[in-house]
Amino acid sequence: MYPRVLIDLAHLRENVQTVKGLCGQRGIQITGVTKVFCGDPRIAQAYLDGGLTMLGDSRVSNLKRLQKLPAEKWLIRPPMLSEAEETARYADAALHSEWEVIRAVADAAHRQGRRHKVILMADLGDIREGYVDYDELLRVAAKVETLPGAELYGIGVNLTCFSFIQSDSEKLGLLADLARRAEEAVGHALPIVSGGNSATIDLMLRDGIPQGVNNLRLGESLLFGKERAKYQYLPGTHRDVFTLECEIVELKEKPSLPWGQVGTDSYGKKPTFVDRGNCRQKAVCALGKQDFDLETTTPVDPGIILLGASSDHLMLDITDSRQAYRVGDAVRLQLGYFSTMRAFTSQYVEKVYLNE
Ligand SMILES: *Cc1c(COP(=O)(O)O)cnc(C)c1O
């Protein structure tokens, strides 16, 4: 059945081993981020098979799906106050930035006979989650330890996600320093000092992560072999963990330019077209914006041009394709980050697991 996404679990396991090797040499442990694939336990298992012991997801419902896997689970978005109960149950640890929420989750954990591990986030410039008042962070750190259902597990930072501020040695030095001050405030060592996501790998490879930072939360680099500061592929990694197949439902010779008066698209923009001549082989596939993201997708056949998509039609120019196609044939697309995310949230896309 099409469309379907093929998941190469052998290639994923190898990516995990490769990235784990790079991090391990520099004293960095990995929390494997599962949100891109909606916390699918069969894929998360490849993280564990590759040697990881900690998993992170931004949604509690995804952590619930991971419940049976033998790993420490982190909620990597500040929890909703309205889901304190579920957070306490399905997350062993969470990234936090609000005292009121910490108290609610700790209370719930206490009632459940559990202990919630708190990682306090510092905002070092990206203006997403975390304390900008570092003294407040330290005061909250001390208060966490007074809660019967919680303990201070560590501190962390997230960069390069909203404002695309890059991590550097100075910022991470500040984080390590904050961790030392938090340790003094609570009177014990902190197991976790979490220095960011796949955008920190470039700094790590330049040996720019200061002493004291010991964790990264990684999604993109494990899944696509890509770091996110310069968007370079890491040597020895695979880019083809996720391949989407969609079916051609129409194949005709058509001109490259539309005819008639051009209006605006749903976003209020006027579309533009490239003139490639009057006789092009055009394919329409049964796939749409609900199922994939055009900007983070590349056809496996380098001769195919992605022209565009509407909610449920994908238009291709296959005039120069390496292979001959007919109606009913499948076209293969290599998925990047956002495209994979869409494919997994779309109920229309079947999931096929290879080399499990
Ligand atoms: C999504 C996310 C990550 C993983 O980011 P990648 O760039 O995919 O490695 C890490 N930490 C937080 C807080 C996130 O939201």
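Just so you know, all these numbers are worked out from the coordinates, no wet-lab data involved. Since we're looking at a predicted model, the values are computed, not measured. FYI the Cβ positions are ideal-geometry reconstructions off the backbone, even for glycines, and counts take in every protein chain you see.
Which longest uninterrupted range of the chain lacks any chymotrypsin sites (Phe, Trp or Tyr not before Pro) assigned by DSSP to a loop state (not H, G, I, E or B) and surrounded by at most 13 other Cβ atoms within 10 Å? Longest run free of exposed loop sites: 1-161.
Dividing the convex hull volume of the alpha carbon atoms of the chain by its residue count gives 151 Å³ per residue. For region 5-127, the fraction of alpha-carbon pairs lying more than 20 Å apart is 47 percent, rounded to a whole number. Modelled this way, with points 7 Å down the Cα-to-C-beta line, the labels at Arg111 and Ile127 are 3.8 nm from one another. Between Asp240 and Met80, the FRET efficiency from the beta-carbon distance, with R0 = 45 Å, is close to 0.80. The angle separating the long axis of helix 134-144 from the principal Cα axis of greatest extent in the chain is about 70 degrees. Cross-link reach is defined here as a Cα-Cα straight distance under 28 Å, omitting same-chain residues fewer than 8 places apart; for Lys351 the lysines meeting it are Lys20, Lys35, Lys64, Lys68, Lys73, Lys226, Lys282, Lys289.
Each Lys or Arg adds one and each Asp or Glu subtracts one; over the other residues with Cβ under 13 Å from the Cβ of Thr18, this totals +2.
Once every DSSP H run of n ≥ 4 in the chain is given -39500 (n - 2.57) and the sum is divided by its residues, what mean residue ellipticity at 222 nm do you get, rounded to the nearest 500 deg cm²/dmol?
Working: 10 runs with 99 residues, N = 356.
The per-residue figure over the chain is -8000 deg cm²/dmol.
For region 42-185, the Kirkwood hydrodynamic radius from C-alpha pairs, put into Stokes-Einstein at 10 °C and a viscosity of 1.306 mPa s, yields a diffusion coefficient of 101 µm² per second. Label positions at Thr146 and Ala10, each projected 7 Å from the Cα along the C-beta direction, are separated by 5.8 nm.
At full extension, Arg42 and Gln25 could sit 3.3 nm farther apart than now, given 0.36 nm per residue minus the alpha carbon distance.
Among DSSP bridges having both ends in the chain, what percentage is antiparallel? Round to the nearest 5. Provide the component values of the computation, followed by the final result.
On the way: 27 of 61 bridges.
Just about 45 percent of them are antiparallel.
Using Cβ point charges alone (K and R +1, D and E -1), the dipole size of region 126-267 about the Cα centre works out to roughly 160 debye.
So if we plug the beta-carbon distance of Glu72 and Glu98 into 1/(1 + (r/R0)^6) with R0 = 22 Å, what FRET efficiency do we get, rounded to 0.05?
On the way: r = 22 Å, r/R0 = 1.01.
E between Glu72 and Glu98, to the nearest 0.05, is 0.50.
Taking each residue as 0.36 nm, the span from Gln347 to Arg322 lengthens on full extension beyond its C-alpha to C-alpha distance by 5.9 nm.
Any idea what diffusion coefficient region 118-251 gets from Stokes-Einstein, in µm²/s, Kirkwood Rh on alpha carbon pairs, 4 °C, 1.567 mPa s?
Details: Rh = 16.3 Å.
Estimated via Stokes-Einstein, D reaches 79 µm²/s.
For trypsin sites (Lys or Arg not before Pro), the sites in region 158-254 that DSSP calls loop and that have at most 12 other Cβ atoms within 10 Å are Arg206, Lys230. Taking Cβ separations below 4.7 Å as the criterion for a possible disulfide partner, the isolated cysteines in the chain are Cys23, Cys38, Cys161, Cys279.
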